[in-house]
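Notes for the one structure printed next.
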Ligand code: ADP
Ligand code: NI
């Protein structure tokens, strides 16, 4: 069962160059399972949802309705129950941060996926992914003339000009405060410190302070 879903996701994300490749999915799957062991949840739902969590992301798929239909067809062909499938779809439609405009997640399984996804956005890998994304979208690494935005609509978050470094302030350093589980909060501490250290080094070198 799981292998069918893995293959479906691998094929969907095989050309990704924005930091949302198969290895991101696989890390989120492993981290979600790790977090789930300390929570009272259905690990199978957590694993399947983690594998599918980026497939309905509007910046990765062109036709969201078609992608949703494909997921439902796949899960139905694997004999999963309707309510089970609806729950998975509900989580993956609402997992995103969306510039602070995402909805409040109310299912524990969804909270776990959010935590795992957000942990992959901070620390060394989070830094690497942000530069991948910015490069892929043609954003500057940094531009002191482009101000950091405090609050922004979803449209602004996706479409306004920004930079990789701005994204750290607009999203990455805020993520630690949005985590749900104690397991994730503990893992986040070191990764968050690493982000801050990276930023201070970056600015020191930018200003050519010796
Ligand atoms: P969400 O949709 O929940 O905001 P994303 O999938 O956009 O989450 O973010 C995943 C990762 O992609 C981010 O942590 C970051 O590394 C990268 N990313 C997303 N948006 C930007 C951006 N505007 N600038 C730089 N990196 C970005
Ligand atoms: Ni993700």
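The values are calculated or read from the model by the stated rules, or taken from the named source; none is laboratory data. Bear in mind the structure is a predicted one, so any value in this text is a computation, not a measurement. Cβ: placed from backbone, ideal geometry, glycine included. Neighbour counts: every protein chain shown.
Among the residues of segment 96-104, are any over 18 Å from residue 184 (Cβ atoms) and within 16 Å of ligand 2 (Cβ to nearest atom)?
Within segment 96-104 (the criterion being over 18 Å from residue 184 (Cβ atoms) and within 16 Å of ligand 2 (Cβ to nearest atom)), the answer is yes, since at least one residue qualifies.
Restricting the search to segment 22-55, which residues are away from ligand 2 (no atom under 11 Å from the Cβ) and part of a loop (DSSP other than H, G, I, E, B)?
37, 38, 39, 40, 41, 42
For segment 116-137, how many residues are over 23 Å from residue 105 (Cβ atoms) and more than 11 Å from ligand 1 (Cβ to nearest atom)?
Of the residues in that region, 1 qualify.
If I filter segment 56-82 down to residues being exposed (fewer than 14 other Cβ atoms within 10 Å of the Cβ) and closer than 19 Å to residue 113 by Cα, which single residue comes out as farthest from ligand 2 (Cβ to nearest atom)?
58
Might you let me know whether segment 117-124 holds any residue that is part of a helix (DSSP H, G or I), more than 20 Å from residue 50 (Cβ to Cβ) and within 15 Å of ligand 2 (Cβ to nearest atom)? Give the derivation first.
Restricting attention to segment 117-124, the residues satisfying the condition of being part of a helix (DSSP H, G or I) are 117-119, 123-124.
If we keep only those that are more than 20 Å from residue 50 (Cβ to Cβ) as well, we get 124.
In the following step, the residues that additionally are within 15 Å of ligand 2 (Cβ to nearest atom) were identified as none.
No - not one qualifying residue is present in segment 117-124.
Can you tell me which residue is nearest to residue 76 (Cα to Cα) among those in segment 93-109 that are assigned to a helix (DSSP H, G or I) and modelled with pLDDT under 95?
Filtering segment 93-109 for residues assigned to a helix (DSSP H, G or I) gives 93, 98-100, 108-109.
Right, trim to modelled with pLDDT under 95 and you get 93, 98-100.
Values: 93: 18, 98: 29, 99: 33, 100: 33 Å.
So, considering only residues that are assigned to a helix (DSSP H, G or I) and modelled with pLDDT under 95, the one nearest to residue 76 (Cα to Cα) is 93.
If we scan segment 70-87, do we find a residue that is at positive phi and without any contact (Cβ under 8 Å) to a residue 12 or more places away in the chain? Before you say what the answer is, go through the steps one by one.
We begin by selecting, within segment 70-87, every residue at positive phi; these are 79.
Cutting the leftovers down to without any contact (Cβ under 8 Å) to a residue 12 or more places away in the chain gives us 79.
Yes; the residues of segment 70-87 include at least one that is at positive phi and without any contact (Cβ under 8 Å) to a residue 12 or more places away in the chain.
Only one of these conditions is not met by residue 143: (1) over 22 Å from residue 193 (Cβ atoms); (2) in a helix (DSSP H, G or I); (3) modelled with pLDDT of 95 or more. Which number is it?
Against the list (1) over 22 Å from residue 193 (Cβ atoms); (2) in a helix (DSSP H, G or I); (3) modelled with pLDDT of 95 or more, residue 143 comes up short only on (2).
For segment 33-60, which positions are within 15 Å of ligand 1 (Cβ to nearest atom) and closer than 15 Å to residue 183 by Cα? I'd like the intermediate steps shown before the answer.
Let us first name the residues in segment 33-60 that are within 15 Å of ligand 1 (Cβ to nearest atom), namely 49-50, 52-60.
Passing the criteria: none in range.
Just the residues that are within 16 Å of ligand 2 (Cβ to nearest atom) and surrounded by 15 or more Cβ atoms within 10 Å (Cβ to Cβ), please, taken from segment 129-147.
If the condition is that a residue be within 16 Å of ligand 2 (Cβ to nearest atom) and surrounded by 15 or more Cβ atoms within 10 Å (Cβ to Cβ), then 129, 130, 132, 133 are the ones that fit.
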